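Scroll down for the structure; my scribbles are underneath it.
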Amino acid sequence: MITFDQVTVVHDGATAPALPLVDAQIPEGELCLLIGPSGAGKSTLLGTVSGLVPHFTGGTLHGRVTVAGRDTRTHKPRELADIVGTVGQDPLAHFVTDTVEDELAYGMESLGLPPGTMRRRVEETLDLLGLNELRDRPIASLSGGQQQRVAIGSVLTPHPKVLVLDEPTSALDPPAAEEVLAVLQRLVHDLGTTVLMAEHRLERVVQYADQVLLLAPEDEGSGSAAPGGFPSP
Ligand code: ADP
Ligand code: ADP
């Protein structure tokens, strides 16, 4: 579902690549964990999947990234929106509307779906994420974990095949983090969504992963991204 073929990125003005060469394949319906120290290039690699790199950030993408067969260098993020949903580290930065329900609907607005389909998808997503009781609440009044679930829900309503998340639990306390991880597990197992998630606290999430991709900086390891040998759950 996602392929990285000899991928690296050189940001504008940088003299060295932002990440080591990555060669990896993430099959449909798997959860892949992307780990590595701060500055190893995790966010940059996620950006090559959503198309933010290089379309919005500039810089040069070397090699080839495909998502569901689409080359992310030749497709703008808008042209990937129906297959890739992206959630950043800070859910608050993500929101464009005031209430939970409006936010879930917003992500579908550019897709040209019939109103009935949009309403149905909002309902199914509220159920899936356990957000039904919060549907009319202002997003600003929710807890961090609830906000993160709304952020995930807002990118799920277009029914993406791939979900990309940048440390979605890093700002959450353990119970809230568990709620978010349970949602991701449900997506992978029940809907066959492919999930690529950057995370720095390996111990909490490794049990959910089918594959672990390690970004090791040049001076701290082999200099290449190594698919980990962790067992499937
Ligand atoms: P991580 O997510 O693992 O912390 P990043 O992908 O954010 O790593 O950063 C990898 C490297 O690329 C770092 O050295 C960072 O300073 C650099 N970098 C990230 N984004 C940009 C950018 N837009 N312009 C220039 N350098 C960047
Ligand atoms: P459509 O909106 O295209 O008419 P439905 O809303 O009936 O289709 O959903 C089609 C199927 O996709 C349903 O079986 C539904 O459970 C499932 N589905 C629900 N949420 C998602 C999701 N986030 N990603 C993929 N499939 C989903």
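The values are calculated or read from the model by the stated rules, or taken from the named source; none is laboratory data. Remember, predicted model here, so these are calculated numbers, not experimental data. Backbone-built Cβ (ideal geometry, glycine too); neighbour counts: all protein chains shown. SASA here: full protein model, heavy atoms, side chains in, ligands and nucleic acids out. Shrake-Rupley method; radii C 1.70, N 1.55, O 1.52, S 1.80 Å.
For the range 1-122, place one equal point scatterer on every Cα, skip the solvent, and apply the Debye formula. What is log10 of I(q)/I(0) at q = 0.10, 0.20 Å⁻¹?
-0.37, -1.19
Please give the helix 115-128 orientation as an angle from the longest Cα principal axis of the chain, in degrees from 0 to 90, rounded to the nearest 10.
Value to nearest ten degrees: 70.
For the charge dipole of the range 8-162, defined by +1 on Lys and Arg C-beta atoms and -1 on Asp and Glu C-beta atoms about the Cα centroid, which residue among Thr74, Val155, Pro37 has the Cα displaced farthest towards the positive pole?
Highest projection toward the positive end goes to Thr74.
Output the relative contact order of the chain, whole-number percent, from Cα pairs under 8 angstrom with separation of 6+ residues.
Once normalised by length, the contact order is 28 percent.
Rolling a 1.4 angstrom probe over the protein heavy atoms, how many square angstrom per residue are accessible across the chain?
Per residue, the chain has an accessible area of 45 Å².
Which FRET efficiency value, to the nearest 0.05, is calculated for Ala16 and Val96 with the Förster distance at 30 angstrom and r the Cβ-Cβ distance?
Efficiency computed from Cβ-Cβ geometry: 0.25.
For a protection proxy built on the mean count of beta-carbon atoms within 10 angstrom, sort 86-99, 161-174, 142-155 highest first, please.
Those peptides, ordered most packed to least, come out 142-155, 161-174, 86-99.
DSSP beta bridges in the chain, what fraction antiparallel, as a percent rounded to 5?
45
Once amide H atoms are built 1.01 Å from N in the peptide plane, which residues 5 or more positions from Thr86, or in another chain, come under 5 Å H to H?
Excluding prolines and chain starts, which carry no amide H, the hits are Val164.
In the chain, what percent of the accessible surface is made up of carbon and sulfur (1.4 Å probe, ligands and nucleic acids excluded)?
51
Of Val49, Leu129, Phe4, whose Cα points farthest to the positive end of the dipole of the range 1-139 (charges on the beta-carbon: +1 Lys, Arg; -1 Asp, Glu; origin at the Cα centre)?
Projecting each Cα onto the dipole axis, the largest value belongs to Phe4.
Any chance you could list the semi-axes, whole Å, largest first, of the equivalent ellipsoid that the Cα gyration tensor gives for the chain, using √(5λ)?
Over the Cα atoms of the chain, the ellipsoid semi-axes are 29, 20, 16 Å.
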